[in-house]
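Colleague: Take a look at the following structure, please.
The values are calculated or read from the model by the stated rules, or taken from the named source; none is laboratory data. What you see is a predicted model, and the numbers here were worked out from it, not measured in a lab. Please note: Cβ atoms are built from the backbone with ideal geometry, for glycine as well, and neighbour counts cover all protein chains shown. Note: areas computed on protein heavy atoms with side chains; ligands, DNA, RNA excluded. Shrake-Rupley method; radii C 1.70, N 1.55, O 1.52, S 1.80 Å.
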Amino acid sequence: MWLRPEEVLLKNALKLWVTEKSNDYFVLQRRRGYGEDSGGLTGLLVGTLDTVLDSTAKVAPFRILHQTPDSQVYWSVACGASLEEISQHWDWLQQNIIRTLSVFDSGEDITSFVQGKIRGLIAEEGKSAGDEEDPERFREAVLRFERLFGLPQREKLVTYFSCSYWRGRVPNQGWIYLSTNFLCFYSYMLGNEVKLMYPWDEVSRLERTSSVLLAESIRVCVRGEDHYFSMLLRLQQTYLIMQQLAEYAIVRFFDKETFNAEHPLANPLHIMALEIHARNQSFRSFFRLPQEENLCEVHESFLWVPFSHVNTLGKICVSENYLCFASQDGSQCHLIIPLWEVRILLIFLQATKNVMVKTSALEKKQHLKERMKEQSWQIHFAEYGRGTGMFCTKKTRDLIVRGVPETLRGELWMLFSGAVHDMTSHPGYYGRLLEECMGSSSLACDEIERDLHRSLPEHPAFQSDTGISALRRVLTAYAHRNPKIGYCQAMNILTSVLLLYAKEEEAFWLLVAVCERMLPDYFNRRIIGALVDQAVFEELIREHLTQLTEHMTDLSFFSSVSLSWFLTLFISVLPIESAVNVVDCFFYDGIKAILQLGLAVLDYNMDNLLCCHDDAEAVTVLNRFFDSVTNKDSPLPATVQQASATANDKSIQKVDISDLIKESYEKYGNIRTEEVENMRKRNKLYVIQTLEDTTKQNVLRVVAQDVKFSAAQLDELYMLFKRQHFVSCYWSVCSPALQNHDPSLPYLDQYQLDQSQFSSLFNLLQPWTTHTHVRSLARSAFRLLDANGDGLVNFKEFICGLDILYNRSFTEKLKFLFKLHIQPAIEKSVVFCPSGRAKVDLQEYLKQWQEDLQRREENIKDLDLLSFLTIEIQFSLIKETVSTVFQVQFIGLTKTLYGVFHGTEEEESLYRAVARVTSLLLRMEEVGRKLQESSLQKTPQTTPTSTPQPETSPTLPTSPENETLAEGEGDQPESPASPQETAPSHSDITPTSTSRPSTPTSSPTGTSSPMLDTPTDTPSSPSAVRDGDWSFSFEQILASLLNEPSVVRFFERAIDTDSLIAHACKNQLKVAHFKTSTNQRDPPPPKKKELRYKMIEIAQY
């Protein structure tokens, strides 16, 4: 690449650089340590310096310097990672610059012209790097990144840092590169090279750690192996970027989210895009704002708090539609002001004071405690405001903990959840949804109907059609709004509680806030969000309940027990009158309130849990505790309350829900929301990879019974199969291949490959170097393995096909190749007779053939043919008959065998074997034709007036399709090889002296022969078979090849499975880069091809 011209003192660099080319104005140099002298001591030292130091010299091993004859100063103008790349720059200078420089009189003018020209080139090609602080340096890093890791240019580098990678107790100083899809590290110290490259979608743990040896480092866990990176100058920034890139991979590949062109993650090539995205997410999450809101401005400011008469220091955050304020710690005071209400805010607050006073004066007949709660909130509204402009302070939380009055619960839920903002910004949206989904039928609708009468069946509100219909409408509208979630169990229970205290449209927006913002990824097939929060819960148990952790080493029990707590917000385990108090706290503090309450429940039952001997006893303890929870302040009538039968049992100690919630805030209220969100992000990687490992284990357990691969080989092949899916999606934000991964399907079908993905992987793993027709072979294999014809192949189908090629017998391998070329529409055990005659059963045909041959044995002089026919008759007793191949398919099968044998040590002997087999099969066909004609002449139905037809030979049909394909074959070179050197001549094959007209299809040059793609990609139906076509069954071909020991040895030879898998792992990304299905192995040296062309000629004949 071109470099901004900088002075270089060549005198100091003579020991590090070697001049390759030079002229009067430019010098092309090679860095020592690269090329021929890379193995010496100088090469090791230079390589070490290049890794440790961040210099231009390290970036590329080749460079071009500009000089003038009368100056000792040199200017760097270009660098390159390879000789080919730097040679292109050198040639451009020779063609475009050298001739122009002769017109200048002085060296200064020459240097000025060259510098201006180079800067102009950089400006043209480097516009994409213009936003970087140091675009030149970043471009050098990109070049180094591509050279070191062999990734395609479509893989964009985001940033890079200097750091140390710890291998055991030895640090390796190098550079960590963070790109959109990979985490990479490179170090080179005195000949010791360390190179790491891991995709983000395989990272299971990412966290900051510290120890005695490592002061502070970043721990990355990939496939069960830990990697530590330390000595980072900006460790926190590096960690946040890594966290954002890992989250970006999860959102793309597992959540299958798509992004529009304006989304920050649509093209995350710069750190700024990731930072903006993370900042917007935190802003919306803290203030519970709609997903459309983005943070525009942030400023430190003082807010005058009228109720305290003081200025509170904090930050004011402005989005498109809201002005928000949060105090320094975030808990003392926060405020949300819709910008469209700014002008009437003071009037609104004054009006609410008057209204609240009148309301509190009118309510005299309610229960005393409920009236006291209402009065407390009235005072709060009068002092702090009401509605979207209300100040939220510590006093607000205290009122929430005591319990929200029944009459205010719906209003406050809407306010604290942020649902009021969604409903205000989308007027009429719910009504339009109902109109669109009215009368629709779907799987979600069926599931909703099934669960409608299971939602709070004891509550009077859902014992009539009114409540049931409202619940149906809300759930159906949301399923229509978000088909990705649709409907999930537990949504009905939550929605029924929402409908008790909110209007129908408000309940809908509350459900939106819960499912899409407050409990993300909870309500889907894999409930990833709930599993993530369970992992966070386990982490908090280890931190706060150490005594319980020491007693129960395996905390997975609490995960299974607490799943319903998180999914239903304790509604399924607590009476409704107590559960609504929990929902109050949830809408104010989010998931933090549920985690606190869970810790309080375990702490309250600590002594009983420590006495339990198994999980069943622990479950019993917790169930009894939940049965004892009551709400003594609930104003609900006795017919509505769901207190258990033990509520009246005086021997059981009662626990008031308000006291329990208050205790949870007192003991665990120091848990900050930011900490919970960070723990969520950290554990989400682990949860997803755990689910992926579970899927892999189940798939391998099923597949291992049917194949002969070892457990380790199956594990590697599964990872290759899975990675092939992701590789296809790495460089496309909205790749359609993402839809091939569906976690809701059974384990075997969760990952599937389409034809393009399959071809790339199959070409990497197939055991033969069939360079000439690899695309055809892969497409045929895909068609054969796609059993259900849906255009996708799962891992079991893929591995069973691969197992045949790797581990099965000669017969099974040949049968697999045979099936690749047969016509799908042909029925088994049936062959088509030439000249339009009726179908003949294969076994009957061979029996008749045997009888005729016995009568004509003295006329047959070819003993090899007689031996072949005897074996063929024996194979007529085989019960399983695959099918037949006609002449076009047989030619394709023959060419496939040639391609399989190409490049092997026994190539010529294998070619000769195939030639002999082809010759014998053609002779057998001629004998069969004569026998068929003689048997027809003996039948009484033959009319004496029939005109004898001229005898035809088995020739290739000349269709426009074959003519087109023949042109592609004509590019192959002609060969002067003589027929005597390779195979029997035509005269040897012809059974009689019948004259055969010459046709273009028998040209020895092969210019009219179809390419190898023909048989598999364009199969013809049986009705398309011409009268002159000939065909062979699998038994005939197998019998003939069994007489060739070299062919049998070749297919029975053991295959080095481990080396092929290692080769595929190394080259999988390269295949994806070049977008070709050809095998990426180094091709063998060219050999003589005359014999091969002769074999093709015989097959056509």
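Colleague: Translational diffusion coefficient of the stretch 414-459 at 10 °C, 1.306 mPa s, Stokes-Einstein with Kirkwood Rh over Cα pairs, in µm²/s as a whole number.
Modeller: Calculated translational D: 120 µm²/s.
Colleague: Can I ask one more? May I ask for the percentage of alpha-carbon pairs in the stretch 455-544 that lie more than 14 Å from each other?
Modeller: 67
Colleague: Moving on. For labels at S376 and L16 in the simple 7 Å Cα→Cβ model, what's the distance in nm?
Modeller: For the pair S376/L16, the computed spacing is 7.3 nm.
Colleague: Let me ask you something else. Return the long-range amide H neighbours of W1030 (sequence gap of 5 or more, or a different chain), with a cut-off of under 5 Å between placed amide H atoms.
Modeller: Q887
Colleague: Add +1 for every Lys or Arg and -1 for every Asp or Glu among the other residues with Cβ under 10 Å from the Cβ of F508, and state the total.
Modeller: Once positives and negatives cancel, what remains is -1.
Colleague: Okay, next question. Along its principal axes, what span do the Cα atoms of the stretch 668-756 show, with the longest given first and each in whole Å?
Modeller: Projected onto the principal axes, the Cα atoms of the stretch 668-756 cover 56, 31, 21 Å.
Colleague: With all protein chains present, how much of the accessible area of the stretch 431-550 (probe radius 1.4 Å) comes from carbon and sulfur, to the nearest whole percent?
Modeller: Reported share for carbon and sulfur atoms: 49 percent.
Colleague: Any of K708/K813; K373/K662; K684/K1066 with alpha carbons more than 23 Å apart? Name them for me.
Modeller: The pairs that break the limit, which is 23 Å between Cα atoms, are K684/K1066.
Colleague: Quick check: net charge around D803, other residues with Cβ under 13 Å of its Cβ, Lys/Arg +1 and Asp/Glu -1?
Modeller: Every neighbour counted, the sum reads +1.
Colleague: Amide H of H227: which non-local residues (sequence gap of 5 or more, or other chain) have their own amide H closer than 5 Å, using H built in the peptide plane?
Modeller: Those qualifying (amide H under 5 Å, at least 5 residues apart or on another chain) are V220, C221, V222.
Colleague: Between T466 and S282, with labels modelled 7 Å along Cα→Cβ, what's the label distance in nm to one decimal, could you check?
Modeller: According to this spin-label approximation, the distance is 4.8 nm.
Colleague: Still on this model: Over all alpha-carbon pairs of the stretch 140-244, lay out the pair-distance distribution in 5 Å bins, whole %, shortest bin first.
Modeller: Pairs per bin, as whole percents: 2, 12, 25, 26, 22, 11, 3, 0, 0.
Colleague: To continue, here is another question. Could you run the Karplus curve 6.51 cos²θ - 1.76 cosθ + 1.60 with θ = phi - 60° over the stretch 700-717 and give me ³J(HN,Hα) per residue in whole Hz, x for Gly and Pro?
Modeller: Using θ = phi - 60°, the values come out as 5, 5, 6, 6, 4, 6, 10, 10, 10, 6, 6, 5, 5, 5, 4, 4, 5, 5 Hz.
Colleague: Follow-up. What does the net charge come to around K662 if you take all other residues with beta carbon closer than 12 Å to its beta carbon, with K and R at +1 and D and E at -1?
Modeller: Local net charge: -2.
Colleague: Just the number: Rg to Rh for the stretch 674-715, Cα atoms, Kirkwood Rh, two decimals.
Modeller: Details: Rg = 15.7 Å, Rh = 12.2 Å.
Radius of gyration over Kirkwood radius for the stretch 674-715 works out to 1.29.
Colleague: Let a ≥ b ≥ c be the square roots of the eigenvalues of the Cα gyration tensor of the stretch 497-584; is it rounded (a/c under 1.5), or, if not, prolate (a/b larger than b/c) or oblate? Could the numbers behind the result be given before it?
Modeller: Working: a/c = 2.90, a/b = 1.86, b/c = 1.55.
Prolate.
Colleague: Sticking with this structure for a sec: Calculate one ³J(HN,Hα) per residue across the stretch 275-292 by plugging θ = phi - 60° into the Karplus curve 6.51 cos²θ - 1.76 cosθ + 1.60, and present them in order as whole Hz with x for glycine and proline.
Modeller: Coupling constants for the stretch 275-292: 5, 4, 4, 5, 5, 5, 4, 5, 4, 5, 5, 5, 9, 6, 9, x, 5, 6 Hz.
Colleague: Anything over 21 Å Cα to Cα? Flag those among K394/K632; K696/K796; K722/K796; K592/K632; K815/K930; K819/K895, in the order listed. It would help to have the intermediate numbers written out before the result.
Modeller: Values: K394/K632 24 Å; K696/K796 12 Å; K722/K796 12 Å; K592/K632 25 Å; K815/K930 29 Å; K819/K895 14 Å.
The pairs that break the limit, which is 21 Å between Cα atoms, are K394/K632; K592/K632; K815/K930.
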